[in-house]
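Inspection log for the structure reproduced underneath, given as structure tokens.
The values are calculated or read from the model by the stated rules, or taken from the named source; none is laboratory data. Predicted model, so just to flag it, every value in this text is computed and none were measured. Quick reminder, even Gly has a Cβ in these numbers, built from the backbone with ideal geometry, and neighbours come from all protein chains shown. Keep in mind that these areas ignore ligands, DNA and RNA; they rest on the heavy atoms of the full protein, side chains included. Shrake-Rupley method; radii C 1.70, N 1.55, O 1.52, S 1.80 Å.
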Amino acid sequence: MSRTLIWTPMSTAELQGALHQAGVGPAALIPVPTGTVLLPSPATRLGQDLVIADRARKLVGSSVIAYWNADAAVQIGFAGAIGRGWGWGERDALIRLSAEAKQVGFVRGLLDRLLVTLSDRWRYSAKHRASAVAHLVKVVPQADAAAVAARIDDVHTGGVAALREAFEALGLPGVAQVAQLADEGRADPWLAQLPVPKNPRRWYWWLLPPLLVLAVVGSVLADLRPLEGGLIAGALAMVVSLFVVRNIRQPMKGQPINTALPVIPVTQGSAPTE
């Protein structure tokens with residue numbers, strides 16, 4: 001089973017309020033001296049967790065998302081819309097981790113396997129290693145660049161041990177502690193109580209073709225010009241698309257704040273000491 005955590009330098013109270021207002025979640029929040037750690041619901045896919053990380057990044061300028069299982073780990077830092085990070089573990093282990101975290105079907109699983117296989121060689125490139133170190137240090141300025149480089153060089157050691165060392169190299173030992181506790185299942189009782197996020201139903205997209213056909217038929221019956229019919233069809237397509245995207249990016253809209261984004265005492269009621 002894969003697990004995911006997100007770190008942001010924003011204070012817990014401010015982050016909780018901002019995410020709730022945006023309808024983003026669900027996730028459990030854990031205060032640390034360097035900001036806040038979020039543990040998303042195990043019912044969410046990686047794509048939904050990335051929405052939380054992206055919102056956190058927009059609020060304060062940076063965020064880090066990490067996901068891992070017993071054999072592999074991935075850490076991605078965001079200072080802009082596009083993140084960059086690193087993966088630890090053997091190639092096959094990273095493929096399994098990606099499948100677990102993304103919860104993809106057969107076809108997308110094959111594409112994901114191809115992507116991981118093609119990108120695996122980057123981990124042995126000195127240029128890509130240096131670029132990853134520079135990016136992570138940019139995202140977390142207190143990071144020890146030499147320690148980050150040493151951790152990145154050890155590409156074969158995966159799991160929570162690699163992730164813990166990676167966060168320690170970034171100058172975030174409190175986050176490393178939370179990762180270890182989460183891996184031990186200490187947060188599971190709270191994560192099990194998080195609400196299931198709203199997922200966009202496939203039939204939303206199936207609405208689009210018949211609506212477009214109706215728009216064309218209606219345009220013909222109303223004797224509208226092709227341009228006018230095209231504008232109507234385009235407007236309908238935009239409305240449906242915006243409806244689906246809104247459901248993806250605001251899965252917790254209307255949920256009570258302490259239900260969707262509870263602050264939990266996973267570290268026995270106190271923040272980890274750094």
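Contact list please: Cβ distance under 8 Å, first residue in region 146-164 and open to solvent by 60 Å² or more (accessible area, probe 1.4 Å), second residue hydroxyl-bearing (Ser, Thr, Tyr), pairs at least six apart or on different chains.
none
Which residue out of ASP112, ASP49, ASP54, ASP120 is in a helix (DSSP H, G or I), free of Cβ contacts under 8 Å to residues at least 60 places away in the same chain and in contact with a Pro (Cβ under 7 Å, 6 or more places away or on another chain)?
After applying the criteria, what remains is ASP49.
Among the residues of region 3-46, which ones are polar (S, T, N, Q), in contact with a Pro (Cβ under 6 Å, 6 or more places away or on another chain) and assigned to a strand (DSSP E or B)?
Selection gives THR4 alone.
Give the residue, chosen from GLN103, GLN142, that is open to solvent by 60 Å² or more (accessible area, probe 1.4 Å), among the polar types (S, T, N, Q) and either in contact (Cβ under 8 Å) with a residue 60 or more places away in the chain or more than 24 Å from GLY47 (Cα to Cα) (or both).
Answer to the selection: GLN142.
Would you be able to say whether some residue in region 77-85 is open to solvent by 40 Å² or more (accessible area, probe 1.4 Å), within 19 Å of TRP190 (Cβ to Cβ) and either in a helix (DSSP H, G or I) or at pLDDT below 90 (or both)?
No, there is no match, as no residue in region 77-85 is open to solvent by 40 Å² or more (accessible area, probe 1.4 Å), within 19 Å of TRP190 (Cβ to Cβ) and either in a helix (DSSP H, G or I) or at pLDDT below 90 (or both).
Inspect all residues belonging to region 115-122 and state whether any of them is open to solvent by less than 20 Å² (accessible area, probe 1.4 Å) and either modelled with pLDDT under 95 or hydrophobic (A, V, I, L, M, F, W, C) (or both).
Looking through region 115-122, none of the residues is open to solvent by less than 20 Å² (accessible area, probe 1.4 Å) and either modelled with pLDDT under 95 or hydrophobic (A, V, I, L, M, F, W, C) (or both).
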